[in-house]
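Heads up: the structure comes next, in structure tokens.
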Amino acid sequence: MGEAKEIWSAPITPRTGNSLMGTPRVASPPVSCPPSQLHSPSLTRSPLLQSENGDAPHPKSKTPKTPRTPRMSLTPRFITPLGSPMRKALRLTKLDPQDAWLPITESRNGNKYYAAFHTLCSGIGIQALVLPVAFTILGWTWGILSLTIAFIWQLYTLWLLVHLHESVENGIRYSRYLQLCFATFGEKLGKLLALFPILYLSAGTCTTLIIIGGSTARTFYQVVCGDHCNPKPMTTVEWYLVFTCAAVVLSQLPNLNSIAGISLIGAVTAVGYCTSIWITSVAQGTLPGVNYNPVMGENKVENAFSVLNALGIIAFAFRGHNLILEIQATMPSSEKHPSHVPMWKGVKASYTLIAACLFPLAIGGYWAYGQLIPANGGMLTALYQFHSQDVSKFVLGMTSFFVVVNGLCSFQIYGMPAFDDMESVYTTRWKKPCPWWLRVIFRVFFGFLCFFIGVAIPFLSSLAGLIGGIALPVTLAYPCFMWLKVKKPKKYSFMWYLNWFLGTFGVALSVILVTASIYVIIDTGVNVSFFNPQ
């Protein structure tokens, strides 16, 4: 008897006898199905958009299909199947039911549009507003050159990650960045190298979003109400709390695909405030007394460390690589329709818009403010500091509103890996999906933990250069070593040389940037104010 020509890799949520949240019973042997019948674990359609192929039914095979006897799964925890080719070769049914219970892989209805929304929302943010600060040290030529090289470099490593998501050799999908790290470097070394940077890029980014979003919400309130403000306005901590409560309410959406509309709003507002800030700044012209001579230190050592700190700021502007595998994991994948094709289409569209925002923001901002650009806050602070009386309240209010909304939307996608990890502990222990009330508790706990850290360490956003250096290998170095380990390019080939060079240089650059950032922080100082947000 013939076998099915394709099987979608989405795991099927185990059914229970009496209740949805009961202990899952043993599933019946899997039956080969046409790919149109299995789009996600829940067998539901996408809530916002249709798939690229529409809903047209696939032609049925003329040969009757017979179920295949399953064997014991050899798939490690959290590893999802790639598709039918390896099943035919290995005769294994690699379906992990946990993937149907976790937020990242609960739904497989993703497509190139969702990928573009998520990538754009996670790839551009407040950190881009401090790019002109790096230009004050690097100058015009080296600033533009460094930004261009960093953009091309991180786009290349992004391409590597998209193609590393599916391992044809093993017949599995790496649905999480840490999972790929463990598979490449081993669990112990993977934790040592990537756990802290990934933890910061998730929880640390959410904390920073609370700090910036709460502060900007207060500014928005002041701009809108003007002279009619309450004589006893809310404190900064109270604004942090308002922002956190709104973020926690939005975080109750169940999985990564369900926040596609949220990511779309976040992407639109990110492009909106970046564009409005640089256009407004350029339209107002250069400030009196602006000069473009690079800031020089008292000695060569100080100059060198300042340059390296500026490179760290540029590296910090490019984030989101820690979410690429997770975004791609929301897509169906098969032998004929691998997920990297629509994923790369979405990435290309999103990074075209990211480039259209970052380069004008850095170049236009430096042209308008030069050495006068505030080191803390960058373009957003400069807009209020120098043009609060020249620009209409509508523009100022709209910009602040976009920043707040983008912060709320970005919080959802950066918090999703943390939600996924917390729920995985429960599903591993109890072998069943999280009940809705426990999922609510997890997400409320995470949101208010970030709020507590934001109140306790309100100067976290001032450490952009240091954090950029620590997180740099996740973006620029590790994907190169992963490619060498997983794909095994021919020794001494172009790809072999390129990845060894970029990976080694990325790690060395990270160490140098962290050292330089620490030196600059010690030399210039940071306004440390624990439990005293301003």
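With respect to the numbered conditions (1) assigned to a helix (DSSP H, G or I); (2) open to solvent by 20 Å² or more (accessible area, probe 1.4 Å), which one is the sole condition not fulfilled by residue 150?
Of everything listed in (1) assigned to a helix (DSSP H, G or I); (2) open to solvent by 20 Å² or more (accessible area, probe 1.4 Å), residue 150 misses just condition (2).
Out of the residues in segment 105-136 meeting the condition of being β-branched (Val, Ile, Thr) and in contact with a Gly (Cβ under 8 Å, 6 or more places away or on another chain), tell me which one is modelled with the lowest pLDDT.
Filtering first and then ranking leaves 126.
Just name the residue that is most open to solvent (accessible area, probe 1.4 Å) out of those in segment 121-143 that are farther than 17 Å from residue 373 by Cα and in a helix (DSSP H, G or I). Write out each step before concluding.
At the first step, the residues of segment 121-143 found to be farther than 17 Å from residue 373 by Cα are 121-125, 141-142.
Among the residues that remain, those that are also in a helix (DSSP H, G or I) are: 121-123, 141-142.
Working: 121: 0, 122: 2, 123: 4, 141: 105, 142: 160 Å².
Among them, the one singled out is 142.
Pull up segment 280-316, narrow it to residues that are small (Gly, Ala, Ser) and not in a helix (DSSP H, G or I), then point me to the one that is modelled with the highest pLDDT.
Restricting attention to segment 280-316, the residues satisfying the condition of being small (Gly, Ala, Ser) are 281, 283, 285, 289, 297, 304, 306, 310, 312, 315.
This time we only want the ones that are not in a helix (DSSP H, G or I), so: 285, 289, 297.
Details: 285: 88, 289: 83, 297: 70.
Among them, the one singled out is 285.
Check segment 449-460 and report whether any residue there is farther than 13 Å from residue 102 by Cα, open to solvent by less than 20 Å² (accessible area, probe 1.4 Å), within 19 Å of the chain's Cα centre (by Cα) and among the small types (Gly, Ala, Ser).
no
Going by the structure shown, is residue 118 under 25 Å from residue 336 (Cα atoms) and open to solvent by 40 Å² or more (accessible area, probe 1.4 Å)?
Numbers: under 25 Å from residue 336 (Cα atoms): yes; open to solvent by 40 Å² or more (accessible area, probe 1.4 Å): no.
Against the criterion (under 25 Å from residue 336 (Cα atoms) and open to solvent by 40 Å² or more (accessible area, probe 1.4 Å)), residue 118 does not qualify.
Quick test of your reading of the structure: residue 277 fulfils all but one of (1) surrounded by fewer than 23 Cβ atoms within 10 Å (Cβ to Cβ); (2) of a type in the set (A, V, I, L, M); (3) closer than 28 Å to residue 141 by Cβ; (4) at pLDDT 90 or above. Name the failing condition by number.
(1)
Only one of these conditions is not met by residue 233: (1) in contact (Cβ under 8 Å) with a residue 12 or more places away in the chain; (2) over 19 Å from the mean Cα position of the chain (by Cα); (3) assigned to a helix (DSSP H, G or I). Which number is it?
(3)
Which ones in segment 340-363 are within 27 Å of residue 292 (Cα to Cα) and either open to solvent by less than 10 Å² (accessible area, probe 1.4 Å) or β-branched (Val, Ile, Thr) (or both)? Even if it seems obvious, please write down each step before you answer.
First, the residues of segment 340-363 that are within 27 Å of residue 292 (Cα to Cα): 354-363.
Residues satisfying the conditions are 354, 357, 358, 361, 362, 363.
Tell me which residues, restricted to segment 466-504, are open to solvent by less than 50 Å² (accessible area, probe 1.4 Å) and not in a helix (DSSP H, G or I).
477, 489, 493
Show me the helices (runs of 4 or more DSSP H) entirely contained within segment 164-226 in which 3 or more residues are among the small types (Gly, Ala, Ser) and either on the phi > 0 side of the Ramachandran plot or open to solvent by less than 20 Å² (accessible area, probe 1.4 Å) (or both).
The helices (runs of 4 or more DSSP H) meeting that bar are 205-225.
Report, by residue number, each residue of segment 180-219 that is of a type outside the set (Phe, Trp, Tyr), in contact with a Lys or Arg (Cβ under 9 Å, 6 or more places away or on another chain) and more than 30 Å from residue 236 (Cα to Cα).
Hits for segment 180-219 are 181, 183, 184.
Can you find a residue in segment 280-296 that is among the hydrophobic types (A, V, I, L, M, F, W, C), over 30 Å from residue 389 (Cα atoms), open to solvent by less than 30 Å² (accessible area, probe 1.4 Å) and touching a residue at least 60 places away in the same chain (Cβ under 8 Å)?
Among the residues of segment 280-296, not one is among the hydrophobic types (A, V, I, L, M, F, W, C), over 30 Å from residue 389 (Cα atoms), open to solvent by less than 30 Å² (accessible area, probe 1.4 Å) and touching a residue at least 60 places away in the same chain (Cβ under 8 Å), which makes the answer no.
Report the residue count in segment 339-378 for those that are at pLDDT 90 or above and under 26 Å from residue 323 (Cβ atoms).
Total satisfying the criteria: 24.
Given the conditions (1) of a type in the set (Gly, Ala, Ser); (2) over 30 Å from residue 506 (Cβ atoms); (3) at pLDDT 90 or above, report the number of the one that residue 267 does not fulfil.
Result: residue 267 passes all but (2).
Evaluate segment 389-407: report whether one residue or more is touching a Cys at 6+ places or on another chain (Cβ under 6 Å) and part of a helix (DSSP H, G or I).
From segment 389-407, those touching a Cys at 6+ places or on another chain (Cβ under 6 Å) are none; that's our starting set.
Among the residues of segment 389-407, not one is touching a Cys at 6+ places or on another chain (Cβ under 6 Å) and part of a helix (DSSP H, G or I), which makes the answer no.
If you take the residues in segment 399-439 that are among the hydrophobic types (A, V, I, L, M, F, W, C) and over 19 Å from residue 210 (Cα atoms), which one is farthest from the chain's Cα centre (by Cα)?
Quick first cut of segment 399-439, residues among the hydrophobic types (A, V, I, L, M, F, W, C) only: 401-405, 408-409, 411, 413, 416, 418-419, 422, 425, 430, 434, 436-438.
Remaining after also requiring over 19 Å from residue 210 (Cα atoms): 422, 425, 430, 434, 436-438.
Numbers: 422: 18, 425: 22, 430: 29, 434: 24, 436: 25, 437: 26, 438: 25 Å.
Only one residue fits best here, namely 430.
In segment 410-429, what residues are open to solvent by 10 Å² or more (accessible area, probe 1.4 Å) and either closer than 16 Å to residue 104 by Cα or touching a residue at least 40 places away in the same chain (Cβ under 8 Å) (or both)? Spell out how you get there, then give the answer.
To start, the set of residues in segment 410-429 that are open to solvent by 10 Å² or more (accessible area, probe 1.4 Å) comprises 417-418, 421-422, 425-426, 428-429.
Passing the criteria: 417, 418, 421, 422, 425, 426, 428.
The values are calculated or read from the model by the stated rules, or taken from the named source; none is laboratory data. Just so you know, these numbers come straight off a predicted model, no measurement behind them. Every residue, glycine as well, gets a Cβ built from its backbone with ideal geometry; the counts of neighbours run over all protein chains shown. The area values use the complete protein model at the heavy-atom level, side chains included, leaving out ligands, DNA and RNA. Shrake-Rupley method; radii C 1.70, N 1.55, O 1.52, S 1.80 Å.
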